[in-house]
Every structure is written in structure tokens, then in C-alpha cells.
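The values are calculated or read from the model by the stated rules, or taken from the named source; none is laboratory data. The model shown is predicted, which means the values in this text are computed figures rather than measured ones. Positions of Cβ are generated from backbone atoms using ideal geometry, with glycine treated the same way; all protein chains shown enter the neighbour counts.
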Ligand code: T1G
């Protein structure tokens, strides 16, 4: 039974059991509707507790049902029955009460939560707004500005904060269901609290607070419709009668649900959860994963070490000598300090994580490592030396990984005594923040080694995407291709700031030339020089980036690249770069033509899609959806466009 009822001393315990997250699919909606009828009609029942089995309270409507006709009873109608019950309903919340889950809790008369619970309305992350009363009822329980912030940001609040806001009535001190049953006994004979629909919206918490929240979310919307719809819905909640506000919310919700942005965001939501699934690994257990070795204490090595420490693993970092080991240790300590300051680590956790970390200058310290990741200089000889040294000191069942961003992982594996235990784990900088992890699988990779790499990704809270071996795997190979297209357009007639503006207007977090200036032009310059000997002479080659680097303009870090950087670090158009571009066009005899914004994006998207199709055909990526997950998470492709392949209709 998806919804079970048992009565204990006059209190009905209604339990939803709909794995994996108790989403309000049809069986749940029907079960809840029946539970209202049964408890209202049972004279032995004085109050009701609504709880969920499994790991969380209701985490929302069943997103998989969207896009198909929804069977009655619909959630708003079920919630109206709960809110209209004559006997008090107490929501017992654990895990995450999200979306329709929080709306169900709002329909209840009281809410009690476990200390570690979180409550939120994340619909905007799916291109939606709450569609079952959330935009009308939340601002009747907490202040209207805080309600708008929760809805327009989609960010859940922890139970303690929820109680401060007035969103919940109590936090369980012991067993949640027992405490909720006791709470229900206490309120059973009291007059019911006024239904939220009968209460006025709560005024803003401070003069001008609502206006400020609305302005902030309008600025951050960047072409997304849902946050603006949230602002409209909250305005309706304040100005319209409840019934009209609820109808207006439903209409806004349905329009968004059937719109392109929500379909794209639901695509990415499921694509990220499907990424990293490898059918042949069913039944293959990962190897142990408690102690991680990291070779190299530079930016990437320190970021990887910190990511592992924050996830609760123990880490031994190896550097070439004591000074370098100390410098690496300091970088890791700095990252953990930052995590503590941002509240990502409690002071106690911070101390425990730091105690689980050692920085050494001898490989023998890796004797007990379960998995070792090298993040040393991107040179094949250096990598070969590292893997040869690892062979001599690591356990035979330890998995060995390279963080290389473009070198041939199969070639690296061949340097190891057991190539089958070597894979690529390509992290993206900063490694302790970026969620994407490309797992590069050379031919002959042992299945349990791959399962171990995937288990590490899950443990670190990363999004793993399986990539075959090629130059640049999926992310950098596709980025190199659309970067080349952007450079062609510089020669043809566009300027860096025009191309970046087109990308940012499309929804990218940052244009490609601004991004290259930020990461440093010298990195791709070194790669172009490495490839010069093998480059196809027939392939069009743009020298502008080389000209900039030859003049020492490596981007933001040198004060000039495609842009000029003032004292404040802000990117400004560069007349020198413009002159250099025009001179290059003239040198090649190209009559420059302006490139309209629509053509800029059309050419960039076509480049991504064409290269994506090759990556698929060659078996480097397992699916078009995986390519979308990579480009959205690695390069800030707008999530609400679903990724290059989805945007192209793949
Ligand atoms: N519907 C259907 N399936 C869902 C789901 C949902 N709402 N949420 C999760 N799943 C599946 C997910 O696809 C995966 O499946 C499994 O559950 C575990 O998820 C009416 C209209 C709850 C914080 O936006 O944020 O309510 O891959 O891997 O990391 O106004 O899932 O195992 O087959 O993410 O522990 C609003 C979305 C919906 C919450 C758990 N709710 N979910 O995270 O596990 S719209 C949301 C999450 C709505 C109302 C509106 C997370 C999680 P599989 P997971 P997790």
C-alpha cells in the first residue's frame, strides 16, 4: 500500500511509502484523499499525523508524470481536503519536504520536523513555480519577502531556520513519529488554527525588503521565466482574493510546465541522474574507498585533496620534496578554512577533516591507499615516472587515476604494471566546487576499477560522465571546436566582446573570450604549440591567440588578453586587441563583415552539435544527454536551454 493508516490511542498515523522520494504520484494523491475521508469518518480518530517511510518526506510532485495527462485527484484538490479537515493534521517531516511536499505540509494544520530536515520550494530549478498553493499559502505563514526569496531562489531552508521563520511549529527532540504523535495528542482537542487561506499575507520583514528581493531575482533571472513568474504569483497572493490567486498560480504553473524552459530543465535534471550509469557494472562491487592518495599539491591536486577530505575520506598528498609538500598542505588547509567560514564545515568537522590529511614527500606513504589520483604537470614523461613509482609502493588492488585534461590515458596506463587498474578522473577547476567529473575509460579497464571511480564520484557528490579516450575527452574536445569557430568569427568580422555578449545574452554565465582570459591564454597556447607538428595544414588556423601570447598577453593575470583589465580587474574592450584582429583579417585578405548576434550563436551551437555528433559516433560519449550534462556543467551552457544537443533537437 502506497498510503497506509494505523490508529494509535486515537491518533491516526498516515504513512506514505512511495520510493525513492515519496513523490506525489497518482497512488499517493488517491491514498491521501482516501485517508482524509477515512479519518474524518472514524469517530475514534481525534487527530492525524502524516509521515513518510524511507529517506525523506515528500520531495515533490512526480516530475516523470509531467508532459502526460494528470489523473485526478489533482494535488491542489487533495490539499484542499486536508486543509478543510475537521480533525488536525500534523506533518512529520524528515529528509527534504520539497515542492508539493512542502505544499502538503502547508495544507496540514501543524508541522514538526526532524533536526536535520530541510524544507523548500525548488520548482524554479525545473523552470516552474509551485502549482499547489505554495505561492499563496507560504506568504501567509512567513513574511512575504522571505516567501518570495524561498520560491524565486528554490533554495531549501534547514529545520532550525524554518522554525525561526515560523514555517514549522516544532523540532523533534527524539524519534520524529513518536514526537509527532505526542504533539497530535496535545492539539487534538484544541480549536483548529485558522486555515492559511483565511489569514492575510504576512507583511515584509523590513521596509523595502520585498522590493529588494524582487529586484535581486529579476537581475539573476537572465532570461529565465520562472523567477519572474514567482514574483508575479507573490504579487497576486498579496493583492487578489485567495481563490483568484490560487487560480492565477495554477495558470502560471501550467504555462511554465508546458514551456520550453521547463522541458529543458527537466531534461537536464534526469540526464544528470542517469549519467554515470554503466549497464555492464550491475552486480560489480566497487573496491574499498577510505584512503585516497593525491600526487601533486598544486591547484588541482589541492582541490582534489580538499574535495576528498570534505567528503569524509582520509588523504595523503605526495609532493617532490618537503617544501613542496608543505606548500600543498597549506593550499589544502586554506580551502578547508574557506569551507568552514562559508558554513560548509562545522568547526568540529573542520578539525576532524584536517586530522585526516597528511602531506609527504615519499611515495611509501601510499602503501595503504585505496585509490591514488595524480595531478602533476601535463607531460607524458612526468606521468610515466609517477605511475612507475606508484607500481612499487601501492597495494595491487589500489586503483590508479590520472587527472589529465587531454593526454592519452591509455598511454599513461601502459606505464603501469597493471594497466587494467588505471583510469582517468578529470576534475574541473576548482576541483572542490565544480560538480562535473569525467571518468575516462581506456580499453581493458577492469570493471571493478571503473565501479570504484564511480563510487568515488558519488561519495564526492560529483556528477560522473563516462568518456572514451580521445584528445580532450568530451568537454575540452567540444570546447576546442566551438572556440575555433569563435576565432574564425574574429577573423571574419566579429570582435571578442560581440561574441561574448551574444553568448551571455543566450544565457551563458560567461563568454568564451572572457573565460579564456580568466583561465589564462597560455594554457591553450601551449596545447596549440604541442599539436603544431601534427596539425592538418588544410585546416583553417587563426593566429590571433598566438599573437597575443607572443606579446606576453596571457589574459587577466597579465592585465591584458582579449580584453584589457583595469586596477579593479574589470574586463574592458581593448583597442590594441581590436587593431590586432583587424590586421590579422587584412593579412589573410579577409574582407570583414559584421556578424549578427543570431549568426554568432547559430555558428557556435552548430559547432558544438557537429562535434557532439562526432563524439557520439566515435563512442566517446554514451549518449547525447551525457554531452548536455558535460557542456552545461563544465562551461556554463544555460541549463534552461537543456544543453547543446537538446537545444539542437537531439
Ligand atoms: N519526481 C520524480 N522522481 C524524482 C523526483 C521527483 N520529484 N525527485 C527525485 N526523483 C528521483 C531521481 O530521478 C532519482 O531517480 C531518485 O529519485 C533519487 O534522486 C506540485 C509541481 C529529493 C533532494 O524539484 O532535488 O513539486 O535516478 O539522485 O541526491 O508545486 O532528488 O534513482 O531512478 O536526486 O538524494 C519539486 C527534485 C517537483 C525535488 C534527493 N521537487 N529532487 O536527492 O537523490 S515539482 C523537486 C531533488 C513540484 C508542486 C511542483 C532530489 C532530492 P533514479 P537523487 P538525492
For this session: Run residue 245 past the list (1) more than 24 Å from residue 79 (Cα to Cα); (2) surrounded by 18 or more Cβ atoms within 10 Å (Cβ to Cβ); (3) within 15 Å of the ligand (Cβ to nearest atom) and report the number of the one that doesn't hold.
Result: (1)
Exercise. Just to be sure, is residue 568 over 24 Å from residue 478 (Cβ atoms) and outside the structural domain of residue 462 (by TED's automatic domain parsing)?
Worked result: yes
Exercise. Hey, among 319, 348, 326, which residue is closer than 21 Å to residue 378 by Cβ and assigned by TED's automatic domain parsing to the domain that holds residue 449?
Worked result: 319
Seminar exercise, completed: When restricted to 165, 176, 148, 192, the only residue within 16 Å of the ligand (Cβ to nearest atom) and in the same structural domain as residue 243 (by TED's automatic domain parsing) is 148
Problem set entry | Meets criteria (surrounded by fewer than 20 Cβ atoms within 10 Å (Cβ to Cβ) and under 30 Å from the mean Cα position of the chain (by Cα)) for residue 378 | yes
Exercise. Name the pairs whose Cβ atoms lie under 6 Å apart, with the first residue in the stretch 60-71 and more than 16 Å from residue 263 (Cβ to Cβ) and at pLDDT 85 or above, the second assigned to a helix (DSSP H, G or I) and within 10 Å of the ligand (Cβ to nearest atom), and 6 or more positions between them or separate chains?
Worked result: 60/100; 60/101
For this session: Assess whether residue 297 counts as being in contact with a strand residue (DSSP E or B) (Cβ under 6 Å, 6 or more places away or on another chain), part of a loop (DSSP other than H, G, I, E, B), over 16 Å from residue 453 (Cα atoms) and not assigned by TED's automatic domain parsing to the domain that holds residue 145.
Result: yes
Exercise. If residue 53 passes every condition in (1) within 15 Å of the ligand (Cβ to nearest atom); (2) touching a strand residue (DSSP E or B) at 6+ places or on another chain (Cβ under 9 Å); (3) within 30 Å of residue 251 (Cα to Cα) but one, which one does it miss?
Worked result: (3)
For this session: Give the residues of the stretch 265-291 that are in a loop (DSSP other than H, G, I, E, B), more than 15 Å from the ligand (Cβ to nearest atom) and farther than 18 Å from residue 438 by Cα, sorted by residue number.
Result: 283, 284, 285, 287, 288, 289, 290
For this session: Go through (1) at pLDDT 95 or above; (2) out of contact with any helix residue (DSSP H, G or I) (no Cβ under 8 Å at 6 or more places or on another chain) and name the single condition residue 194 misses.
Result: (1)
Problem set entry | Subset of the stretch 408-418 (residues that are surrounded by 18 or more Cβ atoms within 10 Å (Cβ to Cβ) and in contact with a helix residue (DSSP H, G or I) (Cβ under 7 Å, 6 or more places away or on another chain)) | 412, 413, 415, 416
Exercise. Looking at the stretch 5-16, is at least one residue within 15 Å of the ligand (Cβ to nearest atom) and assigned to a loop (DSSP other than H, G, I, E, B)?
Worked result: no
For this session: Go through the stretch 164-201 and give me each residue that's within 33 Å of the chain's Cα centre (by Cα), in a helix (DSSP H, G or I) and in contact (Cβ under 8 Å) with a residue 12 or more places away in the chain.
Result: 165, 176, 177
Exercise. Among the strands (runs of 3 or more DSSP E) confined wholly to the stretch 68-145, which include 1 or more residues that are within 29 Å of the chain's Cα centre (by Cα) and within 11 Å of the ligand (Cβ to nearest atom)?
Worked result: 96-98, 118-120
Exercise. From 27, 44, which residue is within 16 Å of the ligand (Cβ to nearest atom) and either under 30 Å from residue 189 (Cα atoms) or not in a loop (DSSP other than H, G, I, E, B) (or both)?
Worked result: 27
